[in-house]
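Asks: Quick one: structure below, then a few questions.
Any read-out appearing in this document is the output of simple, stated calculations on the displayed coordinates, not a laboratory observation. These numbers were taken from a predicted model, which means no experiment stands behind them. FYI the Cβ positions are ideal-geometry reconstructions off the backbone, even for glycines, and counts take in every protein chain you see.
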Amino acid sequence: MNKKFMLLSMTLFLVLIISMTIAIMVGSVSVTPFYVWKVILSKIPIIQNSIEEDWSRSQEIIIWQIRAPRVLLAAIVGAGLAIAGAAIQALVRNSIAEPYILGISSGATVGATAVIILGAFSFLGVYALSVSAFLGSLTAMGLVFFLSRVGGRISVFRLLLSGMAVSFILSAISNFILMMSKQEGGMKAVMFWMLGSLAGAKWSNLLIPIIIFIVVFALLWLHYRSLNLLLLGEEAAVTLGVNLQQFRIQLILLVSLLTGVIVAVSGSIGFVGLIIPHIVRLIVGSNHKYVIPISALLGGIFLVWADALARILIAPEEMPIGIITAFCGGPFFIWLLRSNNYSFGEGD
Amino acid sequence: MTLEAKQVSFSISDARILHEVSIRIKDKQFVGLIGPNGSGKSTLLKNMYRLLKPESGTVLLNEQDILKQSSKSIARNLAVVSQETPVLFDFTVHDLVSMGRTPHKKLLELDQERDFQIVKDALNQTGIAHLEKRSFSSLSGGEKKRVMVARALAQQAQVLILDEPTNHLDIQHQLQLMDLIQTLHLTVVAAIHDLNIAAMYCDQIYVLKQGRIVCFGTPVEVLTPALLQDVFGVYADIQTHPLTGKPYLMYIPEQFTKQALETT
């Protein structure tokens, strides 16, 4: 398995790099891969001197200022949502859990809109958006978790129902905030938050998502044994030495943090956190030692392509990325539902 | 290493399941827990491995309160084969048994050669080495049970708690499993349904009835017709088996005992 895993992750990493290159190439003005890499390499301090500048200023702006941050953001958002989904599925031992379905994204949206429209937490400066989105997602997740506990145990049905209820309420709140704001394009803003978009990508708002993603990814991967035990159930986790209460709280915090900063920069993009972990389990099994890194890679690849499609399908207009992910994700999920040899975690 | 429950009480909503139950398992002793359905055997064991928290009373592992020890250090000393085997997501047998090594692993530590050897031994001892690469969900009930036992063995704990370990197993594997556990020379406490199995393997037996210990002692002392009548409501003929030297129970259905009463 280790060799197979190494090979698979190397391959996927290569695919991710190629996908990102292609995604930078396509658009209203197309550029060659040669220039894409030349411009990118020219931004790296040590090797920049050895690269001859033979591109136009507008090419540089398109590649470096517009497309590169956006493609990188797509990769981070996809990878982040995928591992957040995998972690939540382990936490609640249910395969239909994901940030979007459990109301976590909606919570983050409320936090984000409160900052943008109402100017909440303005004393935090540039961190206001992330902090507020994090608090929103944490509140939503805590609420859903609390509502679905019956006698100390998580009830799956209650989880989904309370997730839906919380999600509806929070979406209503953020939509209300958006509609009531006297700003231009209130409807457009609602669309952005409901269906997601990476159009706002800039180098300056990439730093926080990247750092948080790396930290959360590392922590989840390090705890792959505990995640596996969690998937086996409370009894196995307790008897094999997981401090259940503490670990659950840590997971909630990590997932909320990651989802919060992602939603703050991309709106709520559904389905990624749901389907990617499923595809990955289909390929590598349920062991989180493999599920976490492969989910991150596959999630990144998926969203880079989804965003590229969002940009070019109805150009010069832009399609909300949530439409694309739902279009790809929905049918795939139905296929998965109908295939017999895949366990959704419903037991015998 | 010893394991002890001291005056443990436990309720589910308003129903008292355990009434100040005390049991003690000495080092390397094999202790059986018998009693009819709903007498509180599983609940007592769950209190002892910290899945449930006693309402009052304490559980001592190695003479120390388990609530004051870290989850990890308990798991290094105490392994559990519970009744439930609810694996919902798909893991291979090897993956599952390897999870028994978890409490011995630090955060960054990878599985070493030694861990692989321990897992391999556990698979061999339980006779499931040939299933290693199979997915757990594709196994039969008995095979699943043996995987759970193998995982507990891989944990290399000094104390073993078993909740009806022979459930789902055919008779050959029942005896094999009990033989194996006996040869490990661990401190064992097991809830056992089959009284003949309990008689054959246990050093001491505790009898639970409606959440109270009603009797305890060696199998010979405990397993008497009067006790079986009182606790289980059955009549049994009890002999000493000539080969094993252990008590041997033969249950007599009510229709025959009635007949016997009528004829005398």
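Asks: Roughly what angle does helix A:2-25 make with the longest principal axis of chain A, taking Cα atoms, 0 to 90 degrees, to the nearest 10?
Replies: 40 degrees
Asks: What share of Cα pairs, in percent, lie more than 20 angstrom apart in region A:1-65?
Replies: On the way: 854 of 2080 pairs.
For region A:1-65, the fraction of Cα-Cα distances above 20 Å is 41 percent.
Asks: Over all directions, the average projected area of the alpha-carbon convex hull for chain A comes to how many nm²?
Replies: Details: hull surface 78.0 nm².
The number I arrive at for chain A is 19.5 nm².
Asks: While we're here: Return the distance in nm (one decimal) between the two label points of a simple spin-label model at A:F168 and A:K3, each offset 7 Å from Cα along Cα→Cβ.
Replies: Between A:F168 and A:K3, the label points sit 5.4 nm apart.
Asks: Provide the per-residue ³J(HN,Hα) series for region B:210-226, in order, calculated from phi with Karplus coefficients 6.51, -1.76, 1.60 and θ = phi - 60°, each as a whole number of Hz, with x at glycine and proline positions.
Replies: Couplings: 6, x, 10, 7, 9, 6, 8, x, 6, x, 5, 5, 7, 7, 10, x, 5 Hz.
Asks: In what order do B:S9, A:S137, A:S148 fall by count of nearby beta-carbon atoms within 10 Å, going from fewest to most? If you can, show how the numbers build up before the last one.
Replies: Numbers: B:S9 16, A:S137 35, A:S148 21.
In order of increasing Cβ crowding within 10 Å: B:S9, A:S148, A:S137.
Asks: Extension gain B:Q255-B:L67, at 0.36 nm per residue separation less the Cα-Cα distance, in nm? Each step should come with its number before you reach the end.
Replies: Working: separation 188, 0.36 × 188 = 67.68 nm, distance 4.98 nm.
Going from the current span to full extension adds 62.7 nm.
Asks: Hey, can you grab everything whose amide H is under 5 Å from the amide H of B:I252? Only 5+ residues off in sequence or another chain; H modelled, so Pro and N-termini drop out.
Replies: Hits under the 5 Å cutoff: B:Y235, B:A236, B:D237.
Asks: Treat region A:291-343 as a sphere of radius equal to its Kirkwood radius over Cα pairs and apply Stokes-Einstein at 20 °C in a medium of 1.002 mPa s; give the translational diffusion coefficient in µm²/s, rounded to a whole number. Don't jump to the answer; show the numbers that get you there.
Replies: Details: Rh = 12.5 Å.
So the translational diffusion coefficient is about 171 µm²/s.
Asks: Still on this structure: Long-range amide H contacts for B:C215: which residues qualify at under 5 Å (H placed 1.01 Å from N, peptide plane, sequence gap of 5 or more or a different chain)?
Replies: B:V207
Asks: Jot down the per residue volume, in cubic angstrom and as a whole number, of the convex hull over the alpha-carbon atoms of region A:1-145.
Replies: Dividing the Cα hull volume of region A:1-145 by its residue count gives 189 Å³.
Asks: Residue-wise, which Karplus ³J(HN,Hα) couplings in Hz belong to region A:95-110, taking 6.51 cos²θ - 1.76 cosθ + 1.60, θ = phi - 60°, and x for glycine or proline?
Replies: Whole-Hz 3J(HN,Hα) from phi for region A:95-110: 8, 9, 7, 7, x, 6, 5, 8, x, 5, 4, 4, x, 4, 4, 4.
Asks: Would you mind checking the tilt of helix A:68-92 against the longest principal axis of the Cα atoms of chain A, expressed as 0 to 90 degrees and rounded to 10?
Replies: With rounding to tens, the tilt is 0 degrees.
Asks: Sticking with this one: Once the Cα atoms of region A:209-342 are picked out, what are the Rg and Dmax in Å?
Replies: According to the Cα coordinates of region A:209-342, Rg and Dmax are 16.8, 58 Å.
Asks: At a temperature of 25 °C and a viscosity of 0.890 mPa s, determine how fast the protein assembly as shown diffuses translationally according to Stokes-Einstein, using the Kirkwood radius over alpha-carbon pairs as Rh; express D in µm²/s, rounded to the nearest whole number. Don't jump to the answer; show the numbers that get you there.
Replies: Values: Rh = 27.3 Å.
The calculation lands on 90 µm²/s.
Asks: Now, a different point. Which distance in nm do the two modelled labels at A:V215 and B:E55 give, with both placed 7 Å along the Cα-to-Cβ direction?
Replies: 4.4 nm
Asks: Then there is this: Using a Förster distance of 30 Å, how high is the FRET efficiency between A:L207 and A:A315, based on the Cβ-Cβ distance and rounded to 0.05? Present the calculation step by step, with values, prior to reporting the outcome.
Replies: Details: r = 29 Å, r/R0 = 0.97.
The calculated FRET efficiency here is 0.55.
Asks: Then there's this: For the residues A:S167, A:S174, A:S58, what sequence is obtained by ranking on other C-beta atoms within 10 Å, fewest first?
Replies: Ranked by crowding around the Cβ, least crowded first: A:S58, A:S167, A:S174.
Asks: Quick one: which residues, 5 or more positions from B:E55 or on another chain, have an amide H under 5 Å from its amide H? H modelled 1.01 Å from N in the peptide plane, none for Pro or chain starts.
Replies: Residues meeting the amide H criterion: B:S9, B:F10, B:S11.
Asks: Based on Cα positions only, what radius of gyration and what Dmax would you give for region B:3-224, in angstroms?
Replies: 17.3, 55
Asks: Step through the residues of region A:241-248 one at a time and calculate ³J(HN,Hα) from phi using the Karplus curve (6.51 cos²θ - 1.76 cosθ + 1.60, θ = phi - 60°), rounding each to whole Hz and writing x for Gly and Pro.
Replies: The phi angles translate into x, 8, 7, 4, 4, 5, 5, 4 Hz.
Asks: Per DSSP H run of n ≥ 4, the term is -39500 (n - 2.57); total these for chain B, divide by its residue number, and report the mean residue ellipticity at 222 nm rounded to 500 deg cm²/dmol.
Replies: Here the helix-only value at 222 nm equals -9000 deg cm²/dmol.
Asks: For region B:110-130 and region A:211-256, what is the centre-to-centre distance using only Cα atoms, to the nearest Å?
Replies: Region B:110-130 and region A:211-256 have Cα centres spaced 25 Å from each other.
Asks: According to a simple spin-label model (label point 7 Å from Cα along Cα-to-Cβ), what is the distance in nm between A:D54 and A:I18?
Replies: With each label point 7 Å from Cα toward Cβ, the separation is 2.6 nm.
Asks: Figure the gain on full extension for A:F327 and A:F146 (residue separation times 0.36 nm, minus the Cα-Cα span) and round it to one decimal in nm. Walk me through the numbers before you get to the answer.
Replies: Working: separation 181, 0.36 × 181 = 65.16 nm, distance 3.22 nm.
61.9 nm is the gain from fully extending A:F327 to A:F146.
Asks: What is the calculated FRET efficiency for B:Q229 to A:L244, with r their C-beta to C-beta distance and R₀ = 41 Å, to the nearest 0.05?
Replies: On the way: r = 43 Å, r/R0 = 1.04.
The computed FRET efficiency comes out at 0.45.
Asks: Okay, moving on. Between B:E109 and B:E20, what length in nm is gained on full extension when 0.36 nm per residue of separation is reduced by their alpha carbon distance?
Replies: Details: separation 89, 0.36 × 89 = 32.04 nm, distance 4.20 nm.
Taking B:E109 through B:E20 to full extension adds about 27.8 nm, to one decimal.
Asks: Still on this model: Angle check, please: helix B:141-154 long axis (alpha carbons) against the longest principal axis of chain B (alpha carbons), in degrees 0 to 90, nearest 10.
Replies: Tilt relative to chain B: about 60 degrees.
Asks: For chain A, what is the mean residue ellipticity at 222 nm derived from helices alone (per DSSP H run of n ≥ 4: -39500 (n - 2.57); sum divided by total residues; nearest 500 deg cm²/dmol)?
Replies: Only helices count here, giving -23000 deg cm²/dmol.
Asks: Hey, can you rank A:4-12, A:258-266, B:214-222 by average C-beta count inside 10 Å, highest first? Working shown, then result.
Replies: On the way: A:4-12: 13.4, A:258-266: 29.3, B:214-222: 16.4.
Highest to lowest by the protection proxy: A:258-266, B:214-222, A:4-12.
Asks: Just need the Rg to Rh number for region A:184-275, please, alpha carbons only, Kirkwood Rh.
Replies: 1.11
Asks: Using only alpha carbon positions, build the gyration tensor of region B:145-196, then give the equivalent ellipsoid semi-axes as the square roots of 5 times its eigenvalues, largest first, whole angstrom.
Replies: Numbers: eigenvalues 58, 30, 21 Å².
Each semi-axis is the square root of five times an eigenvalue, giving 17, 12, 10 Å.
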